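The structure appears below as structure tokens.
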Amino acid sequence: MRIDLHTHSSVSDGTESPAELLATAHAAGLDVVGLTDHDTTAGWSLAEAARPPGLTVVPGMELSCRWFPADRPPISVHLLAYLFDPGHPGFAGERGRLRAERLQRGERIVAALAADGYPVVWDRIVKRSGGGVVGRPHVARALVEAGVVESVDAAFATLLHHGSPYYVAKADTDVREGIALVRAAGGVPVFAHGLATKRGRVVGDDAIAAMAEAGLLGLEVDHPDHAPHERAHLRGLADDLGLIVTGSSDYHGSNKQTPIGACTTAPDQFEALLAAGTGSAPYRD
Ligand SMILES: [Zn+2]
Ligand SMILES: [Zn+2]
């Protein structure tokens, strides 16, 4: 069994439609794939309709959250949520707030860039996004197409970097509130790439323990951005805290180098995750 529980389609910031993503997963020999677009479930029905026979699809999402340390600025954290009820009012309301927030943020970034003479137009970016969540990756691609920067990575390293004058911060959900909402909706919250220091500041063990106390059920241990010592540390924490251990590629199509299935989840851990999720069911034969 090859199980990859974290992928992005073009409904958020991946490059493949949900149908194309599932075809990629199938061709790569995966048995199970989780669809976890940022802050939206818009890809779920598309994935259910396009699922190739033999492939199990776990409906999920990656929620943008914040951890608020007592003595330092907040840290951006990502929470994977699986098998929750997409219609749960409290959770759906929070997702709506986040989507509006993300859209506004993109618009403000583009307006600031355009005001300084960069050839980017918000309406054109929205139109080209295909109706999903429009975020900084879409702005980055527009900058590449306009010849301002050479690549999406270069855009993120310069104009879209958090140190750039064009950067606009987000008002993400407190991660403990996010965990509570996922659980209330019958879902399984898993802390995504928790020690990926190459992505920026990471939380300490105290935060992960607090998340477990708030109802966290799993840790994403095997992730392309985790070094071996970071994986070992997280595995130890999961063991101490009684959490499910997952592994996944965080596939984004051609927006990132990582192939689908680059990291995988053990079958017994997947079974534990399935048993804990009561808000919706996986799509399978
Ligand atoms: Zn993430
Ligand atoms: Zn992701």
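Residue count for the stretch 246-273, restricted to those that are closer than 20 Å to Leu79 by Cβ, under 14 Å from the mean Cα position of the chain (by Cα) and among the small types (Gly, Ala, Ser): 3. Ala238 falls short on exactly one of the conditions (1) surrounded by fewer than 20 Cβ atoms within 10 Å (Cβ to Cβ); (2) free of Cβ contacts under 8 Å to residues at least 40 places away in the same chain, and that condition is (1). Within the stretch 242-276, the residues that satisfy the criterion of being away from ligand 1 (no atom under 16 Å from the Cβ), touching a Ser or Thr at 6+ places or on another chain (Cβ under 9 Å) and over 18 Å from Met61 (Cα atoms) are Ser254, Pro259, Ala266, Gln269.
Each residue in the stretch 75-116 was checked for being open to solvent by 40 Å² or more (accessible area, probe 1.4 Å) and within 16 Å of ligand 1 (Cβ to nearest atom), and 1 pass. When the residues of the stretch 56-71 are narrowed to those that are in contact with a Lys or Arg (Cβ under 8 Å, 6 or more places away or on another chain) and more than 16 Å from ligand 1 (Cβ to nearest atom), which ends up nearest to Asp31 (Cα to Cα)? Across the stretch 56-71, the extreme among qualifying residues is Thr56.
For Glu20, the criteria (1) within 14 Å of ligand 2 (Cβ to nearest atom); (2) at pLDDT 95 or above; (3) open to solvent by 40 Å² or more (accessible area, probe 1.4 Å) hold in every case but one, which is (1).
The numbered conditions (1) charged (D, E, K, R); (2) away from ligand 2 (no atom under 16 Å from the Cβ); (3) modelled with pLDDT of 95 or more; (4) not in a loop (DSSP other than H, G, I, E, B) are all true for Asp85 except (4). Within the stretch 241-269, the set of residues being in contact with an Asp or Glu (Cβ under 7 Å, 6 or more places away or on another chain) and without any contact (Cβ under 8 Å) to a residue 60 or more places away in the chain comprises Thr258 only.
Listed by position, the helices (runs of 4 or more DSSP H) enclosed by the stretch 145-223 that each have at least 2 residues that are more than 16 Å from ligand 2 (Cβ to nearest atom) and under 19 Å from the mean Cα position of the chain (by Cα) are 175-184, 205-213.
Listed by first and then second residue, the pairs linking a residue in the stretch 187-211 that is assigned by TED's automatic domain parsing to the domain that holds Cys65 and open to solvent by less than 40 Å² (accessible area, probe 1.4 Å) to a residue that is modelled with pLDDT of 95 or more and among the polar types (S, T, N, Q), with Cβ atoms under 7 Å apart and 6 or more places separating them unless they lie on different chains, are Val190/Thr246. Sort out which residues of the stretch 241-270 are open to solvent by 50 Å² or more (accessible area, probe 1.4 Å) and either on the phi > 0 side of the Ramachandran plot or outside any loop (DSSP other than H, G, I, E, B) (or both), and write them in order of number. Result: Leu241, Gly242, Ser254, Pro267, Asp268.
The values are calculated or read from the model by the stated rules, or taken from the named source; none is laboratory data. Computed from a predicted structure; not experimentally measured. In this analysis, Cβ positions are derived from the backbone assuming ideal geometry, glycine residues included, and neighbour counts consider all displayed protein chains. Side chains included, ligands, DNA and RNA excluded: accessible areas come from the protein's heavy atoms. Shrake-Rupley method; radii C 1.70, N 1.55, O 1.52, S 1.80 Å.
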